1. Tally up the residues in the stretch 262-282 that are open to solvent by 20 Å² or more (accessible area, probe 1.4 Å) and hydrophobic (A, V, I, L, M, F, W, C), please.
2. Here are some conditions: (1) farther than 25 Å from residue 479 by Cα; (2) open to solvent by less than 20 Å² (accessible area, probe 1.4 Å); (3) modelled with pLDDT under 95. Residue 379 meets all but one. Which one does it not meet?
3. Tell me which residues, restricted to the stretch 416-457, are among the acidic types (Asp, Glu) and farther than 29 Å from residue 495 by Cα.
4. Could you tell me whether the stretch 335-355 includes any residue that is surrounded by 21 or more Cβ atoms within 10 Å (Cβ to Cβ), part of a strand (DSSP E or B) and at pLDDT 95 or above?
5. As an exercise: evaluate residue 115 against (1) under 30 Å from residue 305 (Cα atoms); (2) crowded, with 19+ Cβ neighbours inside 10 Å; (3) of a type in the set (A, V, I, L, M); (4) touching a Phe, Trp or Tyr at 6+ places or on another chain (Cβ under 7 Å) and give the number of the one condition it does not meet.
6. Considering only residues that are assigned to a loop (DSSP other than H, G, I, E, B) and under 23 Å from residue 202 (Cβ atoms), which ones fall in the stretch 261-298?
7. Among the residues of the stretch 174-208, write down those that are crowded, with 20+ Cβ neighbours inside 10 Å, touching a residue at least 60 places away in the same chain (Cβ under 8 Å) and assigned to a loop (DSSP other than H, G, I, E, B).
8. Does any residue of the stretch 100-110 turn out to be among the β-branched types (Val, Ile, Thr), touching a strand residue (DSSP E or B) at 6+ places or on another chain (Cβ under 8 Å) and crowded, with 19+ Cβ neighbours inside 10 Å?
Amino acid sequence: MSADTSIRRIQAFRDEMARAGVKAAIVPRTDPHLSEYISAHWHTVRFLTGFTGSAAILVITDKGAYLWVDSRYFLQGEAQTKDAGIELMKEGLPGTPTVNEFLATTLHEGDTVGVNGLLMSADDTARLRTVLSLHGLKLDVNFDPIDRVWSDRPALPDGPVFVHDVKYAGKSAEAKLADLRRDTAEAGADAYFTSALDEIAWVLNIRSTDVPCNPVATAFLYVGSDSARLFIDGAKLTPEVSEYLRKAGVDTAAYGSALDYLASVPKDVTVLLSGARASGAVASALQGHCMLGDSPIALPKAVKNEVQMQGIRDAHVRDGVYMVRSIKEVKETVASGRPLTEIGVADILERNRRTDPLCFDLSFESICGFGPNGAIVHYSATPETDTPLASGNLLLIDSGANYLDATTDITRTIALGTPTAEMRHDFTLVMKGHIAIATAVYPEGTRGHQLDALARMPLWKEGKSYLHGTGHGVGHFLNVHEGPQSIRLNDTMTPLLPGMLTSNEPGVYIEGKYGIRCENLVLTVPYETTAFGRFLAFETVTMCPFDRDLFDTSIMTADEIAWVNNYHRTVYDRLAPSLTPDERAWLADACAPL
């Protein structure tokens, strides 16, 4: 999008602010379900700024525009908002205020801040209201002028709903609803209301196509002690799905009627909400008889059952086959001098994965960054930026798919031609951190932030680092980014439990040169029980070789070399039966001992 277009659109939004008496407006990049990945209807930040990243908050004042992004999007944010009069606010860096701090110090007593209350969590809304009131500022949670600015706004998604077979899910919707009612009662509430699309999809074993790469249906769900109601566009429900929901004890109502229904819930019914995942508008609709707490669905969803774990292992073998075919094709194409671009690499990956009969969609748009583009953490090639591949630099590929039996997410850094000593050194530092996580053994109750430094230490010792998390939770035929667990510097307070699927993805990014990231998915599994308690470990489920040309064994320990060799031996043994003779020969060379 051109800078002039962004300037015009922001000014039109600012004109609406003036008419409403709003001095500053907050525009979160999300939807009423507080999703990370959103349908086209809710891409307001993209419409106003041209920024395409998956996390951001836009603040528009009567005199300026400010876009908060995290470290994944520092470079991308600057590039996509250049010359549009938007100041990039880099979260986490010294001197960058939070949105609340910025508003408190920029506005004047009596000024009004506007936001669409459906797009901000109950927790965040409460914090914002407190900060603003301390500075004599007012909050309007019903400010939503975007329809008047965005004349050709896409409609709400209308993808049909289908049932996720219990042979993949491992547990019926009836059983999950019973568990949810039990956990809600144990939390001291009478009912649970969720806006989170992944929670609704998981607990009801339903899926849809409403959000690209995330197989969820746009809906709200209320679960009482003896009833349940799904708020959804009825046109999305086939007779078969309607009957399935009826048998599960789930009534349906119009999508837009959720807030009115909450307002009608009797005052003696305490409704549990996730303070982080339910909006302030939802909390307000309950008029004081809601209880904010942790989601009772988050942990059961994150801890995969035996059926799901076997599906995860099976899917990663198949996904590894498609990765090997793709990497082989990319390397041979570049070596032969035939033309290939970043988008072409993404096309190869998708073509191979879609041959799988259980492949539903990609789990996210493939990230294929060559050379300097690889240093942009969540780079997305466009026709304008699509870079031809050539020998002499690194190609970073971050990709995955949603299969009916699992969600995959893998990153490989590939040398095209002969890598430099600097490239090999940096890659090996990243791999040393990756191996440290993969081989970690830890006592029950350990949280991800307590392991995070293991991945960073080899880089830290040389004054290098990365600003993104080391690992995120991954759904099961659901969202590729899933909580509540993570491996990162800040603590999410959730322990790693057996059955959780988490990424292991340290990296390093050299601006203007190249990016390196090495990502496998790992299952938390029991390790041993001793007199000191129960210990856990990680089982690596991703099956694809790392590029042998990039290892510098002179800075590796014997145990690290052994881990790589053992991993590659396992990769070969599991993938070889599904490969052609030519592919097996390529893989044998790729998996040869260091």
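1. Initial filter on the stretch 262-282 (open to solvent by 20 Å² or more (accessible area, probe 1.4 Å)): 263-264, 266-270, 276-277, 281.
Checking which are hydrophobic (A, V, I, L, M, F, W, C) leaves us with 263, 269, 276, 281.
Adding up the residues that qualify gives 4.
2. Every condition holds for residue 379 apart from (1).
3. Of all residues in the stretch 416-457, those among the acidic types (Asp, Glu) come to 422, 426, 444, 452.
422, 426, listed by residue number.
4. no
5. (1)
6. Within the stretch 261-298, the subset assigned to a loop (DSSP other than H, G, I, E, B) is 265-270, 275-278, 286-289, 294-297.
275, 276, 277, 278, 294, 295, 296, 297 - these are the residues of the stretch 261-298 that are assigned to a loop (DSSP other than H, G, I, E, B) and under 23 Å from residue 202 (Cβ atoms).
7. Passing the criteria: 189, 195, 196.
8. Of the residues in the stretch 100-110, the ones among the β-branched types (Val, Ile, Thr) are 105-106.
Now narrow it down to the ones that are touching a strand residue (DSSP E or B) at 6+ places or on another chain (Cβ under 8 Å): 106.
Narrowing further to those that are crowded, with 19+ Cβ neighbours inside 10 Å: none.
Checked against the condition, which is being among the β-branched types (Val, Ile, Thr), touching a strand residue (DSSP E or B) at 6+ places or on another chain (Cβ under 8 Å) and crowded, with 19+ Cβ neighbours inside 10 Å, the stretch 100-110 yields no hits at all.
The values are calculated or read from the model by the stated rules, or taken from the named source; none is laboratory data. Because the structure is predicted, anything quoted here is derived from the model rather than measured. Backbone-built Cβ (ideal geometry, glycine too); neighbour counts: all protein chains shown. With ligands, DNA and RNA removed, areas are computed over all heavy atoms of the protein, side chains included. Shrake-Rupley method; radii C 1.70, N 1.55, O 1.52, S 1.80 Å.
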